[in-house]
Amino acid sequence: MRTQKPITLLLAVVALLSLLIATTVLLAQESDDPARVDLDEIKEDTIRDLFDNEGNMVTPDDRLASVARTHKGGFGGFYFHEEDNTIAYVFMRDTSDPQYAEDAFRSAYSKSHLIQQIIPVQGDYSFDELVEWYYLLNPALHKNDIRPIWSGVMELRNRIVFGLDDMSVVEAAWRIMDNLDIPRGAVVFEEDQISQPLAGGDNVEDEWRPLVGGIRHQQETGGVDCTIGFVTERDGVDGFVLASHCTNEELRVGGLNDAVIHQPNNPYFGNKKVAKETIDPRLGYMNHPQCPDKDFYCRYSDAAFAKLNSDKEIDLGEVAKPEDVGEKDVSPAGTTFKIKKESSSFETGDIIYYVGKETGWRTARVLDTCIEATLKAKPLGGGVGVRIVCTGRAQITDDGPKMQLSKGDSGGPVMLPTSGNNVELLGIVTSGWGYNFHFSKVGFIYFELGRSSRWDSCVRNC
């Protein structure tokens, strides 16, 4: 049954956030102004963390660049020891004074867990240089028909990285860099595959009543089946968040389909209808360096909201917990993770979980905190392609044989473990290829699907 808790989340009037959405994802290129948020009206920390004091979108890269500008030594990013996350390695242009690394890291790192050792390592570039070059180079590549399928500044490599599906364009990219006076050593071009929006598959998960996150759902008309992200109350309306591309048979992102959602599937007989899609913002052009190509449409998240049928119930803040990593079976029946907190803040190297209907409970390590991800999905209503800005990127790290992210895991909740079965909700699975996957941040999900006075997605303490 739903767990009640005090209301402490998003406070904004309907008219304000309707206007905000209209100016955030710019439909029909009505404006070239970046999205802005009235922070005096928005009280939800998961959204507030994503914007500066003037209401402009600020990425984790921008914040690390600010650390580099305000601290001595040429801070260039950091990463953690693979087996001991109490040991941090900090890229510095000047490694002669360990205090430089200590000061920069303490300012850059936002988590509270104990760091026992901070080790300076030689960095070739300061983070503010890398961000400046990336913001110059990314739009320039797109203007010259070189369109990376993902890109960003990787703090764990002290480099700008572009994932390409056609390596024959690299020489042309070098020439563009030379014209911009960007050193070739600062940029890595590597071969990758276009991220597949993860939907479909033939696994049948059990029926859950009340509904929780991390379980199978199926869209009625096309048979597309994916994973419920998290159950929630949005402005007093019970429902759940799922992947936008899972709401129609063509896997198209954005735009309301009025999709009828079944759990666990759409049977030949009987009634498994549990919800109907009610919110799914259209795509548009966004004036930001992570959406530099007007042939592609962008969104902050690949997410939609489905309103619960009146005769159904949710277990607020609950996510199905398989009996072990790599498993889909839940024992004892009904065991769940407990969402105690929501956050858009996570770090490179963090160990996280997701639960997908196809591959179950998986562990992963965060590779990037803010990547521009291109999907194979097309915009609803036509268009060239879709980009989701500032997604997280992670790699599955389970012990033993790795299982690749699979069709059907789309929408699965992404969580940071805290203690016991308690977790912090970070977002939902958006796309992936092999062992790597992208996930939409919960703050951007609330921001795009907002237009309400509050969200309520935790058991308590949110």
* Asked: For region 242-317, what's the relative contact order in percent, using C-alpha pairs closer than 8 Å and at least 6 residues apart?
  -> 32 percent
* Per residue, what accessible area does region 216-256 have, given a 1.4 Å probe and all protein chains present, in Å²? -> 24 Å²
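For the pairs Lys111/Lys407; Lys111/Lys273; Lys111/Lys376; Lys338/Lys376; Lys272/Lys328, flag any whose C-alpha to C-alpha distance is greater than 29 Å.
Long pairs (Cα-Cα over 29 Å): Lys111/Lys407; Lys111/Lys273; Lys111/Lys376; Lys338/Lys376.
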* Structure fact -> With 0.36 nm assigned to each residue of separation and the Cα-Cα distance removed, Ser110 to Val325 gains 74.7 nm
* chymotrypsin sites (Phe, Trp or Tyr not before Pro) lying in DSSP loop within region 205-276, provided at most 16 other Cβ fall within 10 Å -> Tyr268, Phe269
* Pairwise label distance in nanometres, Arg69 with Glu249, each label 7 Å out on the Cα-Cβ vector -> 5.2 nm
* To do: Please give, to one decimal in nm, the separation of the simple spin-label points placed at Glu83 and Lys272, each 7 Å out from Cα toward the Cβ.
  => 4.4 nm
* Averaged per residue, what accessible area in Å² does region 274-341 show with a 1.4 Å probe, protein chains only? -> 37 Å²
* Structure fact -> For the pair Asn287 and Ser310, the simple spin-label estimate (label points 7 Å beyond Cα toward Cβ) gives in nm 4.6 nm
* Taking a label point 7 Å from the Cα of Glu191 along the Cα→Cβ vector, which residues of region 138-160 have an amide N closer than 20 Å to it? -> 146-151
* Asked: Rounded to the nearest 0.05, what FRET efficiency do Asp181 and Asp145 have when you use their Cβ-Cβ distance and R0 = 25 Å?
  -> 0.70
* **Extension gain (nm, one decimal) between Thr418 and Glu54, 0.36 nm per residue minus Cα-Cα** => 127.8 nm
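Can you list which of the trypsin sites (Lys or Arg not before Pro) found in region 270-349 are DSSP loop residues with at most 16 other C-beta atoms within 10 Å?
Within region 270-349, the qualifying trypsin sites (Lys or Arg not before Pro) (loop, at most 16 other Cβ atoms within 10 Å) are Lys272, Lys294, Lys312.
Set the Förster distance to 25 Å, then compute FRET efficiency between Asp166 and Val121 from the Cβ-Cβ distance, nearest 0.05.
With R0 = 25 Å, the Cβ-Cβ based efficiency is 0.15.
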* To do: Sort 75-88, 342-355 for me by packing, meaning the mean count of neighbouring Cβ atoms within 10 Å per residue, highest on top.
  => 342-355, 75-88
* Relative contact order of region 308-395, pairs being alpha-carbon contacts under 8 Å that are 6 or more residues apart, as % -> 22 percent
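The values are calculated or read from the model by the stated rules, or taken from the named source; none is laboratory data. Predicted model only: the values in this text are computed from it and were never measured. Cβ sites come from the backbone with ideal geometry, for glycine too, and all protein chains shown count toward neighbours. Only protein heavy atoms, including side chains, enter the accessible area calculation; ligands, DNA and RNA are left aside. Shrake-Rupley method; radii C 1.70, N 1.55, O 1.52, S 1.80 Å.
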